[in-house]
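Enquirer: Quick one: the structure is below, questions incoming.
The values are calculated or read from the model by the stated rules, or taken from the named source; none is laboratory data. This one's a predicted model, so the numbers in the text were calculated from it and none came from an experiment. Cβ placement follows ideal geometry from the backbone for every residue including glycine, while neighbour counts extend to all protein chains displayed. Heavy atoms of the whole protein, side chains included, go into the accessibility calculation; ligands, DNA and RNA do not. Shrake-Rupley method; radii C 1.70, N 1.55, O 1.52, S 1.80 Å.
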There are 2 protein chains.
Amino acid sequence: MQDLQPLLRPRSIAVIGASTQPEKVGGMPIRLLGELGYAGRVFPVNPGADTVQGLRAFPTVEAIGEPVDLAIVAVPALAAPDVMAQLGRAGTRAAVVFTSGFAEVANGSGLQHALATQAKTHGVQLLGPNCLGAMNLGERMFATFSPIPLTGVPPVGGVGLVSQSGAFGAYAFALAREAGLGLSHWVTTGNEAGLQVADVIEWLAHDPQTQVILAYIEGARDGMRLRQALAAARAAGKPVVIAKVGTTVAGASAAQSHTASLAGEDAVYQAVFDEYGVHRAHTLEAFFRLGYTLARGRRPARWHSPTGMAADAVAPVAIVTVSGGVGIMMADSAESQGLPRPPMPDAAAAALREAVPFASTSNPIDVTGQVVAQPKVLADALAGVARSGAYGSVAAFLAGGGNAPRVWSLLEQTVDDLASDPQAAPLMIAGVISDEKRAWLEARGCLVFREPAHTIEAVAALAKAAAMTESAQSPVAPAQLLSVPELPADAKALSEADAMALLLQAGVPVAPHGLARDADEAVRVAESIGYPVVVKLCSPDILHKSDVGGVVLNLSDADAVRAAFERVRRAAGTARFDGALVARMVRGWGEIMVGVRRDPVFGLVALAGIGGTAVEIFRQMSFGLAPVSRERARAMLTQSRAAALCAGHRGHPPLDLDAVADVIVNVSRAADAIGDRLDTLEINPFIVSADGLVAADAVITLR
Amino acid sequence: MQDLQPLLRPRSIAVIGASTQPEKVGGMPIRLLGELGYAGRVFPVNPGADTVQGLRAFPTVEAIGEPVDLAIVAVPALAAPDVMAQLGRAGTRAAVVFTSGFAEVANGSGLQHALATQAKTHGVQLLGPNCLGAMNLGERMFATFSPIPLTGVPPVGGVGLVSQSGAFGAYAFALAREAGLGLSHWVTTGNEAGLQVADVIEWLAHDPQTQVILAYIEGARDGMRLRQALAAARAAGKPVVIAKVGTTVAGASAAQSHTASLAGEDAVYQAVFDEYGVHRAHTLEAFFRLGYTLARGRRPARWHSPTGMAADAVAPVAIVTVSGGVGIMMADSAESQGLPRPPMPDAAAAALREAVPFASTSNPIDVTGQVVAQPKVLADALAGVARSGAYGSVAAFLAGGGNAPRVWSLLEQTVDDLASDPQAAPLMIAGVISDEKRAWLEARGCLVFREPAHTIEAVAALAKAAAMTESAQSPVAPAQLLSVPELPADAKALSEADAMALLLQAGVPVAPHGLARDADEAVRVAESIGYPVVVKLCSPDILHKSDVGGVVLNLSDADAVRAAFERVRRAAGTARFDGALVARMVRGWGEIMVGVRRDPVFGLVALAGIGGTAVEIFRQMSFGLAPVSRERARAMLTQSRAAALCAGHRGHPPLDLDAVADVIVNVSRAADAIGDRLDTLEINPFIVSADGLVAADAVITLR
């Protein structure tokens, strides 16, 4: 892990290219550090001035006479590499480079490389170039040239914010200030010649000031670093909210590579986010709202299932409403967020019905407009469901009722009681309420949103964060040792027989088959495995065998097999001929495609979904990092809708979905066993049959 | 159309059950009308009081001595029907009934029926019962018992709001007030024993005060009335925003009926909304934002296509940004909103590149952070794209730049110039700006949103509104006269031969076929249409012929046809046997399902989508009101992804999508021709072949 102490908690700062004019790039940080109360020492470096903005200036960084923790660099691009070397020689530990004109412009990559090399050689940690800098709000450390802190600074709080884009970072700062969202640190990474967003995430994961991490990324250069950082945040129990842009544009431009074109690389990012429980925001508004929710909201209580069944993985919600219509809106929202809504337990329902005979005690629980006349009914219903043990959280729509004095005094009492009871489900409110009351509620982890859907989204985000923290992260068991066949250096693929043998070893069911060198052997294989069979050409020179007529389907007797063998042999033409694979035609009611491909950023990625025409038409493949866990494989089956084909489709027997998921797990392990040489592994199709999934085909290509 | 003049612009109001206590249900309207300045006369009716809240009271409505326009009724439920009769005899024109305890409670339907009958018999227009009343903000007419107007009233404006739910209506009133959204009228319809939401929408469509209609519905009782109202609003060029709740809950509960379970009835509402260009809101926040956008935003200018091709139906947008990252976010949003983003025209691009060499002139157009130093670059870029003729609208992200004095003065000038030029594309802004500047911009139709995605959604909503108003609403040509076969009163279905004949007549391609009474005739038919063929049992007693073995596929010679005929005859068992249909097996590369079903609310509804397993797995059928227009049929093909199967799937020849759409149009017309007797029409599958769609099957059931 990169130690960001010198960058984010520096005891001293030098400004290289310090300007006497506070509005200049080299002047603004000095103004900010001075005006806003940074407690460390600041050393302007400017060979042409004795003082800069009232501080003694130094002609060079060496002239300061002691090593500084952080240097802010605002010199012309061409001078930057030399400055970096000087910094290194003077013992500077970290540098923020504001200067632009590096890799973001044509022909600027060479200069950026020179800069990065000097930083590395001299052991200076580099943020930038072409970045807007960094801030530590608690230490009033503003290493930026943006004037925005001059007009106000957000409160100090538990949200750490990191952005690749400076302009996004500045806008985010302004919005956080406006929303009163408390920040710990603010970092923009610019061209990322040194530090990446992932390095900052990982450091924030260990930073005691930071409870929630907000990150804006356009793309990760080093996917493994990002995974490591997200794993660190998960291990620390700190939720990460990411705004990743380019969802559709990137998808379109990535469509050149075949497997990527099935869904666009955005789906791979999504798989990474799913793997590490990242909260994804598609708008700025959601980015901040999720940050606020996760930093301030109380997480769901433990609950039990009233039916005596095992509790769900997702904490259930009780919706309590004074308006039937808004209750339905919130139920729609809960359904789309995947939040269970079990009915009100009998005791609580009976109590409510006694107080309000026309109340609806299903969930949404409609206490009706009566509550203005009888606020105790609302308070009792809220406390009743919160203490029933049946719910993780309670979401209540109060309209403007919270402002009514009689309602408020009872609500205040109820929230206070619930906040001190760790067994009680926390309350989240939708409605209009005064700022003062809102702040009082917020201090007790009870958040208030105007938009009812946002209240439900808050409940869902907190439930997700709780599940991430509490669940033992089902670790992938060490893969059994698979014996991978010898892979000659020039081999472009495994033979289908070798591929099938490897899959079998890994626990993947494959259609009964055998390799035949001549027509007689083909018939013997067919008779031993049973008709109907398919005969497929085996040649190391021919990857797409059906294109050359090397596949003959649906053979039901010995004569047909004999004829098919000869046809396949002729199809080989002048290519090497290793024989033909004779395999049982498995009957089923559908096809699933499972594959593993090498993503340029994140490494091996597994994908699964409905096979056949649907692959191109619906483009609903789901992705997971390989090797995948059974839990993730189950999610892939659901997201891609392949689960629907396995779970009693059109009267067919339902399969054990855990067993189906294990097939995906085992395919991903087989790919992982091949390791660095693997390019793609594709099984298209798996036949969905009463015996479970059976691989009818297997292609493994190497690089 | 119902004339709502007496209800919404009454010259006089009687309050039946008037209370001397202003906070009571029968007291609040008198207080509101008095305190807030209603100019008409108010007559309290209360037999036990001489005066009520300072007004002379009357013992009965007759005692007033003159007919009043509107009566507000706040009497016990059991008394309400008699009161309605008294009102009628006294010549009252409209009544708002606040009282609850009617159809919304167990055993209350009878009383509601009595109330409605009295209103109808005596010619009194009825709003309610169990409603929160109505308001005309311009005339300070507050016929409600909600105290909410006492704490402030939204400005008078062009947005008319109607809600089935009173609590939703009250909350909406509070949010509109907070957002400063100008309202014309506010109506809640409650149990809808008389007036429905649709009646109010239709009246608002003709009301000169109202420019945009906002409606909240849980469900329409009379789908045809709603369609008529939406058609009136469309004809008047007034956008309608609807929040329809129960999207997922209703879907689940409606899953009993087969066809409904393919998508849930929500998809039918969506088809209605699509047909009439309704803007749908899934959150309260979006509901108001769309209302604000459509009431205040300038609609897109006319544009031309720089490539010389026909202009798109959707007005294209230019995205101008000071941050690359936010620009990508906005591009993602534009893509999901279906807004085209053509590149910057050459002249404008050259001018920008001259000013800022590193600017990106693709779209999003990144003018970079330079604009703070050189605000003229931003102003020139905005004016350049707005005047280029290539865009309908311009969406600009300015971060906090609009507040900088130098930027603002140029922006002000630019917006002023553009606002006076009807040829110029209007500008919508994302960023932080002072309230005063925002109001100035808003007055020129230039809206400002903090959330970049909301700016794009505003552009999309205004483009949709413009397209709805400007496009001659492609009317469905009168269907050709189809000769529908005699339908005996007890017939449950058409024979397949009759169904196919009707479809052929309507211009639907069906597989070549013929009816055979014996095996010899079956062979003759097969030879005349060509092998391979399918033989299908024809019996008026057997609807699901494949269930009894009455379908034999893939027959390629006379012997096979003969055997199949005998098999099918035996399959009929003791049922009537009309012979067998011999039809060509059409070869293609995919299957599309097209159907028409009778929706209980909206009448005949057409559906289309990918056939086969996908029907249940992906549930992506798209719906349209039958008979559908070609335009709607095209949209159905796209939404269901069936278009992908027709447009060059896996190297197959691309079909003419207009011709494919016409097949759907013609299927819907055939169903329409059958009229009231039609229950369902289903063609499953249409084979997608090089010759276009060919119906391989047809089932028409009657009711």
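Enquirer: Filter the range A:142-163 for residues that are open to solvent by less than 30 Å² (accessible area, probe 1.4 Å) and either of a type in the set (S, T, Y) or touching an Asp or Glu at 6+ places or on another chain (Cβ under 8 Å) (or both); which is modelled with the lowest pLDDT?
Expert: Selected residue: A:S146.
Enquirer: What is the number of the single condition among (1) open to solvent by 20 Å² or more (accessible area, probe 1.4 Å); (2) assigned to a loop (DSSP other than H, G, I, E, B); (3) away from every other protein chain (no Cβ under 13 Å); (4) touching a residue at least 24 places away in the same chain (Cβ under 8 Å) that B:T574 does not meet?
Expert: The one condition B:T574 does not meet is (4).
Enquirer: Moving on. In the range A:329-346, which residue that is open to solvent by less than 50 Å² (accessible area, probe 1.4 Å) and either within 22 Å of the chain's Cα centre (by Cα) or over 23 Å from A:K464 (Cβ atoms) (or both) is farthest from the other protein chains (Cβ to nearest Cβ)?
Expert: Per the stated criteria, the residue is A:P345.
Enquirer: Within 14 Å of chain B (Cβ to nearest Cβ), modelled with pLDDT under 95 and open to solvent by 10 Å² or more (accessible area, probe 1.4 Å): which single residue out of A:G180, A:G166 fits that description?
Expert: Going through A:G180, A:G166 in turn, the sole match is A:G166.
Enquirer: Right, next: Going through the range A:331-382 one residue at a time, which ones are touching a residue at least 24 places away in the same chain (Cβ under 8 Å), hydrophobic (A, V, I, L, M, F, W, C) and touching an Asp or Glu at 6+ places or on another chain (Cβ under 7 Å)?
Expert: Hits for the range A:331-382 are A:A351, A:A355.
Enquirer: Can you name every residue in the range B:577-589 that is open to solvent by 30 Å² or more (accessible area, probe 1.4 Å) and either part of a loop (DSSP other than H, G, I, E, B) or hydrophobic (A, V, I, L, M, F, W, C) (or both)?
Expert: Within the range B:577-589, B:F577, B:D578, B:M585, B:V586, B:R587, B:G588, B:W589 meet the criteria.
Enquirer: Okay, next question. Filtering the range B:607-631 down to residues that are open to solvent by 20 Å² or more (accessible area, probe 1.4 Å) and over 14 Å from B:M593 (Cβ atoms), which residue is farthest from the other protein chains (Cβ to nearest Cβ)?
Expert: Across the range B:607-631, the extreme among qualifying residues is B:P627.
Enquirer: Quick test for you: out of B:S420, B:S393, B:S388, pick the one residue that is more than 29 Å from A:G152 (Cα to Cα) and open to solvent by less than 10 Å² (accessible area, probe 1.4 Å).
Expert: B:S393
Enquirer: Let me ask something else about it. Run B:A499 past the list (1) among the aliphatic types (A, V, I, L, M); (2) part of a helix (DSSP H, G or I); (3) more than 19 Å from B:A575 (Cβ to Cβ) and report the number of the one that doesn't hold.
Expert: (3)
Enquirer: Taking A:A443 and the conditions (1) in contact with a helix residue (DSSP H, G or I) (Cβ under 8 Å, 6 or more places away or on another chain); (2) open to solvent by 30 Å² or more (accessible area, probe 1.4 Å), which numbered condition does it fall short on, given that it satisfies the others?
Expert: Among (1) in contact with a helix residue (DSSP H, G or I) (Cβ under 8 Å, 6 or more places away or on another chain); (2) open to solvent by 30 Å² or more (accessible area, probe 1.4 Å), A:A443 violates only (1).
Enquirer: Filter the range A:632-653 for residues that are assigned to a loop (DSSP other than H, G, I, E, B) and within 14 Å of chain B (Cβ to nearest Cβ) and give the result.
Expert: Correct list: A:S640, A:R641, A:A647, A:G648, A:H652.
Enquirer: Could I ask something else about it? Quick check, is B:A519 in contact with an Asp or Glu (Cβ under 7 Å, 6 or more places away or on another chain) and buried (at least 17 other Cβ atoms within 10 Å of the Cβ)?
Expert: yes
Enquirer: When the range B:221-240 is examined, which residues are found to be in a loop (DSSP other than H, G, I, E, B) and open to solvent by 40 Å² or more (accessible area, probe 1.4 Å)?
Expert: Once the filter is applied, which keeps residues that are in a loop (DSSP other than H, G, I, E, B) and open to solvent by 40 Å² or more (accessible area, probe 1.4 Å), the range B:221-240 yields B:R221, B:D222, B:A236.
Enquirer: Okay, next question. Is one or more of the residues making up the range B:657-678 open to solvent by 30 Å² or more (accessible area, probe 1.4 Å) and either outside any helix (DSSP H, G or I) or touching a Phe, Trp or Tyr at 6+ places or on another chain (Cβ under 9 Å) (or both)?
Expert: no
Enquirer: Another one. Hey, A:A94 hits all of (1) within 21 Å of A:G34 (Cβ to Cβ); (2) surrounded by fewer than 17 Cβ atoms within 10 Å (Cβ to Cβ) but one; which does it fall short on?
Expert: (2)
Enquirer: Related question: Could you give me the residue pairs with C-beta distances under 7 Å whose first residue belongs to the range B:217-232 and is in the same structural domain as B:E275 (by TED's automatic domain parsing) and within 16 Å of B:A243 (Cβ to Cβ), whose second residue is part of a helix (DSSP H, G or I) and open to solvent by 30 Å² or more (accessible area, probe 1.4 Å) wherever it lies, and which are 6+ apart or on separate chains?
Expert: B:E218/A:I328
Enquirer: Let me ask another. Examine the range B:65-77 for a residue that is of a type in the set (D, E), touching a strand residue (DSSP E or B) at 6+ places or on another chain (Cβ under 8 Å) and open to solvent by 20 Å² or more (accessible area, probe 1.4 Å), and state whether such a residue exists.
Expert: Yes, that holds for at least one residue.
Enquirer: Assuming A:F145 fulfils every condition listed in (1) within 30 Å of A:S109 (Cα to Cα); (2) more than 12 Å from every other protein chain (Cβ to nearest Cβ) apart from one, which condition is it?
Expert: Checking A:F145 against (1) within 30 Å of A:S109 (Cα to Cα); (2) more than 12 Å from every other protein chain (Cβ to nearest Cβ), the one that fails is (2).
Enquirer: Could you list, in sequence order, the residues of the range B:125-136 that are in a loop (DSSP other than H, G, I, E, B) and surrounded by 24 or more Cβ atoms within 10 Å (Cβ to Cβ)?
Expert: B:G128, B:P129, B:C131, B:L132, B:G133
Enquirer: Please give the number of the condition B:T248 fails out of (1) at pLDDT 85 or above; (2) within 14 Å of chain A (Cβ to nearest Cβ); (3) under 20 Å from the mean Cα position of the chain (by Cα).
Expert: (1)
Enquirer: Here is a further query. Could we say that B:S546 is free of Cβ contacts under 8 Å to residues at least 40 places away in the same chain, open to solvent by 20 Å² or more (accessible area, probe 1.4 Å) and within 14 Å of another protein chain (Cβ to nearest Cβ) here?
Expert: yes
Enquirer: Which of the residues that make up the range A:192-220 are in contact with a Lys or Arg (Cβ under 8 Å, 6 or more places away or on another chain), in a loop (DSSP other than H, G, I, E, B) and open to solvent by less than 10 Å² (accessible area, probe 1.4 Å)?
Expert: A:T210
Enquirer: Sticking with this structure for a sec: Could you list, in sequence order, the residues of the range B:150-191 that are touching a residue at least 60 places away in the same chain (Cβ under 8 Å), farther than 21 Å from A:Q370 by Cβ and either assigned to a helix (DSSP H, G or I) or among the acidic types (D, E) (or both)?
Expert: B:L175, B:A176, B:A179
Enquirer: Please specify each residue of the range B:155-189 satisfying the condition of being within 18 Å of A:S434 (Cα to Cα) and touching a strand residue (DSSP E or B) at 6+ places or on another chain (Cβ under 7 Å).
Expert: B:A170, B:Y171, B:A172, B:F173, B:A176
Enquirer: What number of residues within the range A:355-367 are in contact with a Ser or Thr (Cβ under 9 Å, 6 or more places away or on another chain) and within 14 Å of A:I328 (Cβ to Cβ)?
Expert: Residues in the range A:355-367 being in contact with a Ser or Thr (Cβ under 9 Å, 6 or more places away or on another chain) and within 14 Å of A:I328 (Cβ to Cβ): 4 in total.
Enquirer: Could you check the range A:270-293 and list, in sequence order, the residues that are of a type in the set (F, W, Y) and within 13 Å of chain B (Cβ to nearest Cβ)?
Expert: Result: A:F287, A:F288.
Enquirer: Any idea how many residues of the range A:366-384 are touching a helix residue (DSSP H, G or I) at 6+ places or on another chain (Cβ under 7 Å) and within 14 Å of chain B (Cβ to nearest Cβ)?
Expert: Summing the residues that are touching a helix residue (DSSP H, G or I) at 6+ places or on another chain (Cβ under 7 Å) and within 14 Å of chain B (Cβ to nearest Cβ) in the range A:366-384 gives 7.
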